[in-house]
Amino acid sequence: MLGISRRFYIVLLICLVSASLFLFIAHTIQTGAIKFFDEPIIHAVQGLESTGLTLLFKTFTWIGSTYVVAPLTVIAFSLLYFIYQRRGEAFLFVALIVITVIANGLLKQFFKRERPEIYRIIDAGGLSFPSGHTMMAFSMYTIIAYVLWRNMKSRTHQIVLISAVTFMIGMIAVSRIYLGVHFPSDIMGGMMASLFLVTLAISIFTLIQKGKRKLKEKEIL
């Protein structure tokens with residue numbers, strides 16, 4: 001009971017913190033105060049422009065696009081469901097991706113923030129807050145890490161996994177600032193929104209799995 005209570009409070013804390021930070025960012029965007037956060041970071045990141053970095057960040061932005069995320073989702077679902085017979089995790093993966101897409105679309109329509117009117121290396125349509133690429137990258141790579149972590153026993157492998165996931169999320173997020181299509185606050189807002197969704201999704205999944213195990217134990221008895 002103590003373990004369950006502790007886990008509940010941790011989940012609650014993460015959800016409250018992520019939601020609060022998201023709302024704080026949204027509020028500072030509405031008031032205009034966020035420019036003191038956005039502008040220095042934009043100038044610092046775009047000040048690094050070079051041919052090599054442009055190619056690198058265009059690649060990471062492409063990796064974070066629907067053209068890559070959609071096939072990866074199908075592949076991940078197929079592997080988990082058909083090959084590894086981990087059907088619960090397969091549905092968790094797809095459900096989180098779908099929810100992230102829907103949530104991002106609804107949030108963008110609610111806040112209606114225009115993209116930055118600054119130097120752009122690539123063109124991008126649509127609204128700006130929160131960043132869709134960042135939300136998708138955060139949700140997808142975090143849930144991949146969660147699924148793999150559950151099946152890893154080596155501490156070294158776990159460290160490599162977390163490092164790789166952090167790197168991918170970070171590079172996709174920074175690419176959007178570098179290429180001039182998002183404010184840094186769009187990125188932070190996207191991360192907070194996805195952190196909330198991922199935490200909630202994993203918590204619900206864990207509860208469902210525990211419920212199923214208890215039912216099986218009762219059937220055996």
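Tabulated values for the structure
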{"item": "Extreme residue, positive dipole direction of the chain, given options L16, G52, Q85 (C-beta unit charges)", "result": "Q85"}
{"item": "Out-of-range pairs (alpha-carbon distance over 27 Å; input K108/K212; K35/K108; K58/K153)", "result": "K108/K212; K58/K153"}
{"item": "Surface per residue (accessible, 1.4 Å probe) for the chain, Å²", "result": "59"}
{"item": "Dipole magnitude of the chain about its Cα centre (Cβ charges: Lys, Arg +1; Asp, Glu -1), debye to nearest 20", "result": "1100"}
{"item": "Computed [θ] at 222 nm, helices only, for the chain once each DSSP H run of length n ≥ 4 contributes -39500 (n - 2.57)", "result": "-27000 deg cm²/dmol"}
{"item": "Portion, in percent, of the accessible area of the chain that falls on carbon or sulfur, probe 1.4 Å", "result": "72"}
{"item": "In Å², nearest 10: area of L148 left accessible to a 1.4 Å probe", "result": "80"}
{"item": "Given charges at Cβ of Lys, Arg, Asp, Glu: the stretch 121-221 dipole, positive-most of G126, V147, S185", "result": "V147"}
{"item": "Residue (of T156, T28, T100) at the positive-pole extreme of the chain, dipole from beta-carbon charges", "result": "T156"}
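The values are calculated or read from the model by the stated rules, or taken from the named source; none is laboratory data. The structure presented is a predicted model; accordingly, all values stated were derived computationally and were not measured. Methodologically, a virtual Cβ is constructed for each residue, glycine included, from the backbone with ideal geometry; neighbour enumeration extends over all protein chains shown. Quick note on the areas: whole protein, heavy atoms, side chains included, nothing else; ligands and nucleic acids left out. Shrake-Rupley method; radii C 1.70, N 1.55, O 1.52, S 1.80 Å.
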